[in-house]
Amino acid sequence: MKFKGKAIKVVLSEEAAEEYNDLNRIVGEELQRGITSSVNQSIFRSIERVKGWLKDNPFAGEQVQKSKIPSYYLNKYDVTNLWRIDLSDYWRLVYTIQSSEVEIIDFVLNIMDHKKYDKIFGYKRK
């Protein structure tokens, strides 16, 4: 796909790929057992849908204010921008956008449940 004349790639970090592959394995096992509807399948479908959105528009998510980017992402990935998209069952997909004159890369940093998201972003339960 192209966005403003630039090729778009969606790339998963090692951490995101691990979560994605785990979900894919679980969904495959469920389908083999005849389970055709589950939370895992819903989350996996929403990830696939979001990957499609990002290929069409790399800015499809909600941008996190620079002052609110967690130190986790600043230290681990040295990001200068951060975006998030809600997935099914309160899961989140967090990514950063990298660009050159030739291409735009949506680098997916995390695919995580709400508990892990709250921990990374420093949100406290009420």
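Annotations for the structure displayed:
- Filtered residues of segment 4-40 (kept if under 15 Å from the mean Cα position of the chain (by Cα) and either farther than 16 Å from ASP113 by Cα or exposed (fewer than 12 other Cβ atoms within 10 Å of the Cβ) (or both)): LYS9, VAL10, VAL11, LEU12, SER13, GLU14, ASN21
- When segment 18-43 is filtered for residues that are touching a residue at least 24 places away in the same chain (Cβ under 8 Å) and of a type outside the set (D, E, K, R), the ones remaining, listed by number, are TYR20, LEU23, VAL39, SER42, ILE43.
- Sub-6 Å Cβ pairs linking a first residue in segment 85-107 that is under 11 Å from ILE43 (Cβ atoms) to a second residue that is surrounded by fewer than 20 Cβ atoms within 10 Å (Cβ to Cβ) and small (Gly, Ala, Ser), at least 6 apart or interchain, are LEU87/SER46; SER88/SER42; SER88/SER46, ordered by first then second residue.
- Set ILE105, ILE43, ILE85: member being in contact with a Lys or Arg (Cβ under 6 Å, 6 or more places away or on another chain) and either among the charged types (D, E, K, R) or surrounded by 17 or more Cβ atoms within 10 Å (Cβ to Cβ) (or both): ILE105
Residues are listed down the side, and each one gets a yes or a no for (1) more than 18 Å from GLU14 (Cβ to Cβ); (2) in a strand (DSSP E or B); (3) of a type outside the set (A, V, I, L, M, F, W, C); (4) at pLDDT 95 or above:
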position	(1), (2), (3), (4)
TYR72	no, no, yes, no
LYS76	no, no, yes, no
VAL79	no, no, no, no
ASP89	yes, no, yes, no
THR96	no, yes, yes, no
GLU101	yes, no, yes, no
ILE105	no, yes, no, no
LEU109	no, yes, no, no
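The values are calculated or read from the model by the stated rules, or taken from the named source; none is laboratory data. Here the structure is a predicted model, which means the values were calculated and not measured. Please note: Cβ atoms are built from the backbone with ideal geometry, for glycine as well, and neighbour counts cover all protein chains shown.
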